[in-house]
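Report on one structure; see the data block that follows.
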Amino acid sequence: MYRVMIIDDEKMLRNLLKITIKWDALGFQVVGEAASGIEAINIMDEIKPDIVFVDIRMPFMDGIEFSRFAIRQYPRLKIVILTAHDDFEYARQCVGIGVCEYLLKPIDRVAINEILIKLKKQLDEESPEDTEIEIDIEENSVIRKIKKYLINHYADPELNLTSVAMKFGFNASYLSRIFKERTGTSFVDFLNGCRMERAISLAKEDKYMYQIAKKVGIPDPNYFGKCFKKYTGKTYSDFIKK
């Protein structure tokens with residue numbers, strides 16, 4: 001079964017789309033819905049849709065903005081734009097950004113069935129194993145870049161999972177998950193590891209703890225002390241006594 005997500009600010013239309021189509025018979029399952037592009041972005045990592053039906057006109061983030069973001073994050077995602085007659089020409093331009101199809105409202109069951117059959121054929125032809133290799137390569141490349149970025153910028157006190165995720169165009173929860181999968185350690189532990197290695201080096205210069213804490217990007221000495229003890233097994237004062 002391929003996974004389908006429906007994004008439209010009108011609940012009635014979402015419900016209509018769900019009950020109008022015999023999804024199971026066509027090899028699909030509706031696994032999620034959202035009332036806006038922003039809501040959809042926040043749950044897509046969990047839902048993992050293969051196909052998204054998205055309305056072109058929505059508040060906060062319209063279907064075009066959503067499609068641009070989603071295609072960057074999930075290059076294999078199939079997107080079908082739902083549009084009214086007045087927006088038809090606008091919707092047709094979406095094909096240039098990677099949108100697969102566009103459908104006119106009101107919903108036409110025959111047209112949707114034809115599109116689903118076409119998209120299913122495309123999905124069937126795309127090898128899951130090649131897809132997995134490409135995803136592996138892409139994710140490993142990104143994680144290498146993020147690790148290098150952390151090593152070079154650990155002293156920035158504003159550096160955290162959310163800020164790095166935004167910089168590299170990821171959802172924070174998604175980045176947290178793939179970082180752990182690809183490195184075997186959590187994002188926070190890796191960042192703190194960079195900071196603590198530098199702190200150990202600075203500790204040999206017999207500096208005060210608050211000075212070192214600030215230099216490695218942890219301006220709170222108490223939190224620094226906890227991180228240092230967790231990393232070295234010793235309190236800072238015990239460590240410098242040696």
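Nothing in this text is a laboratory measurement; each read-out follows from the coordinates by a stated rule. Keep in mind that what you see is a predicted model, and the values were worked out from it rather than measured. Positions of Cβ are backbone-derived with ideal geometry, glycine not excepted, and every protein chain shown enters the neighbour counts.
Things to note:
- Nearest-ten-degree value, helix 63-73 long axis tilted from longest Cα axis of the chain: 50 degrees
- Within the chain: Cβ-based charge dipole about Cα centre, in debye rounded to nearest 20 (Lys, Arg +1; Asp, Glu -1): 1540 debye
- Rel. contact order, % - alpha carbon contacts under 8 angstrom, at least six apart, the stretch 2-126: 24 percent
- Selection of chymotrypsin sites (Phe, Trp or Tyr not before Pro), the stretch 186-242, meeting DSSP coil and at most 14 other Cβ within 10 Å: 208
- Our analysis of the chain gives Rg over Rh at 1.15, with the two radii drawn from alpha carbon positions and Rh computed by the Kirkwood formula.
- Relative to the longest principal axis of the Cα atoms of the chain, helix 109-125 runs at roughly 50 degrees.
- Between residue 28 and 2, the built amide H atoms are under 5 Å apart, and every one of these is 5 or more places off in sequence or on another chain.
- Mean-square fluctuations from a GNM of the chain, with a 10 angstrom spring cutoff on Cα atoms, peak among 200, 64, 41 at 200.
- The three principal axes of the C-alpha atoms in the stretch 2-126 carry coordinate ranges of 34, 29, 27 Å, sorted with the longest axis first.
- Local electrostatic count, residue 116, Cβ distance below 14 Å [Lys/Arg +1, Asp/Glu -1]: +2
- Overall Cα dimensions of the stretch 134-241, principal axis frame, Å, largest first: 51, 23, 20
- Restricting the stretch 12-70 to trypsin sites (Lys or Arg not before Pro) in coil, as DSSP defines it, with at most 13 other Cβ within 10 Å: 22
- Residue pairs exceeding 21 angstrom between C-alpha atoms, taken from 145/204; 147/204; 207/229; 48/145; 48/147; 147/229: 145/204; 147/204; 48/145; 48/147; 147/229.
- Loop-located chymotrypsin sites (Phe, Trp or Tyr not before Pro) in the stretch 51-84, at most 14 other Cβ atoms within 10 Å (DSSP): 60
- When only Cα pairs below 8 angstrom with a gap of at least 6 residues are kept, the stretch 176-242 shows a relative contact order of 23 percent.
- With Cα atoms, 0 to 90° folded angle of helix 128-153 axis to the chain main axis: 40 degrees
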